[in-house]
Amino acid sequence: MLGSRCRIVVLGTSLAFAAWGGVASAAPRTSTYDAFNTPGYSVSNYEAKWSNPYGPLELAGAGTRDFANKRLNVRAPQFSVGADFSVFDHLKYIGTSDQVFPAPKTGSVEFTATMTASTPGTVDDLTVNGVFGGPGAWQDPLDPPTGFDDAAHRVLQGQQAGVVLNMIDFCTGQLFDWFLSQDTAFTLIERLPSNVTGNTSNPNCPGATHVGRDEMYTQIIDEFKVKPGVAHTVSIRFNRKPSGASVDYFLDGRKVSHADHIGVPLDVQGVPYSGIYPSLGRGEEIGEQISSFTIGHGLFSLLDVFPFQHPEAAELSVSIPVGTGDPATAGNARLFGQGAVGSWDNFTVTTDG
């Protein structure tokens, strides 16, 4: 998936009367979910609105979190958490909103946030090697087995380490993401499989259907250069009309990426994208199935080969050693000294519908 820009906007509804015959029409309304500007904002304030569903991750190691300068700041300048199993290497830190936001039947919902990113230790034009096999097939980055480069693949700066904004529907598995790194950004669209989301056993997801090999996909839409060391406002807007659903991504107020036919991979649609990663199936349109979204934010990596050791595609499973953070192992390890320092503020939601 080759990046595109992201801004998060929260949409609300308010009624105004049109001049034509007193007909009621909906006007967009924006509300702030969290701005970290309450006097004395602390962990207790954060935990009243956000959850860390997969644990503290980097905070259990050398990572830190604070709310200085009226922002959420998460620092992991050298990642210490990694895994050669499923998608668990991707998560370095993730927070999800306790509140969910309805998606209008006709209209849009938009998440927006202001983010800064620094990703020390990333490597230009990095190629990551991998050996075909299950988790742990290759464990020592300094002792590569025969065929260790059979699954070699180039990774973007933001895949090595990224500061992320997520728009998540856990019931369908549909996600829209912004990845911001040192001087690049990319937009991502994906549908997570059921073995990751657990949607079919979630009591909050009545009627959820199994998402497997033919329906899951992860694709980077666009990658672009951004000015380093400054804050960027990113937004993701989910749109739904009688003709179908789509998503727009905004960077500093400008629309930079767009996708139609939500649930159908971009390569299946035949539309241009970064080429990361080709899908395995035809997907399915799920725009009408989406009822709400959760806001997510965090630090991520994405060094894997799709489909990320999924059990329904065992022949495509690729093992990459976790490593110890040694820069000399860049290309042969998940942890090679790279990390991310991110800040977020002004999470807003705009609803129009």
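General observations
- Which numbered condition residue 112 misses (of (1) buried (at least 22 other Cβ atoms within 10 Å of the Cβ); (2) part of a loop (DSSP other than H, G, I, E, B); (3) modelled with pLDDT of 95 or more; (4) among the hydroxyl-bearing types (Ser, Thr, Tyr)): (2)
- Within the stretch 128-227, strands (runs of 3 or more DSSP E) holding 1 or more residues that are touching a helix residue (DSSP H, G or I) at 6+ places or on another chain (Cβ under 7 Å) and either surrounded by fewer than 18 Cβ atoms within 10 Å (Cβ to Cβ) or modelled with pLDDT of 95 or more (or both): 174-180, 184-191, 217-225
- Any hit, the stretch 256-267, residues being surrounded by 22 or more Cβ atoms within 10 Å (Cβ to Cβ), modelled with pLDDT of 95 or more and within 30 Å of residue 59 (Cβ to Cβ): no
- Residue match in the stretch 217-236 (condition: among the aliphatic types (A, V, I, L, M), in contact (Cβ under 8 Å) with a residue 24 or more places away in the chain, touching a Gly at 6+ places or on another chain (Cβ under 8 Å) and under 25 Å from residue 82 (Cα atoms)): yes
- Residue satisfying all of: in the stretch 89-109; assigned to a loop (DSSP other than H, G, I, E, B) and more than 18 Å from the chain's Cα centre (by Cα); surrounded by the most Cβ atoms within 10 Å (Cβ to Cβ) among these: 103
- Taking first residues from the stretch 325-353 that are within 18 Å of residue 294 (Cβ to Cβ) and surrounded by 20 or more Cβ atoms within 10 Å (Cβ to Cβ) and partners that are modelled with pLDDT under 95 and among the polar types (S, T, N, Q), the Cβ contacts under 6 Å between residues at least 6 apart in sequence or on separate chains come to 351/13.
- Condition met for residue 248 (under 24 Å from residue 180 (Cβ atoms) and either over 16 Å from the mean Cα position of the chain (by Cα) or of a type in the set (Lys, Arg) (or both)): no
- Filtered residues of the stretch 56-88 (kept if surrounded by 22 or more Cβ atoms within 10 Å (Cβ to Cβ) and within 22 Å of residue 344 (Cα to Cα)): 58, 63, 72, 74, 76, 79, 81
- Filtering the stretch 264-307 to residues that are within 26 Å of residue 242 (Cβ to Cβ), among the hydrophobic types (A, V, I, L, M, F, W, C) and in contact (Cβ under 8 Å) with a residue 24 or more places away in the chain leaves 266, 286, 290, 293.
- Listed conditions (1) under 30 Å from residue 152 (Cβ atoms); (2) surrounded by fewer than 19 Cβ atoms within 10 Å (Cβ to Cβ); (3) in contact with a His (Cβ under 8 Å, 6 or more places away or on another chain) are all met by residue 281, apart from (3).
- Selection count where residues are at pLDDT 95 or above and not in a strand (DSSP E or B), scope the stretch 228-241: 3
- Residue selected from the stretch 115-127 under the condition among the β-branched types (Val, Ile, Thr) and outside any loop (DSSP other than H, G, I, E, B), by the criterion nearest to residue 301 (Cα to Cα): 127
The values are calculated or read from the model by the stated rules, or taken from the named source; none is laboratory data. On a predicted model such as this, the values are computed, not experimentally measured, just so you know. Don't worry about glycine lacking a Cβ; one is built from the backbone with ideal geometry, like all the others, and counts go over all protein chains shown.
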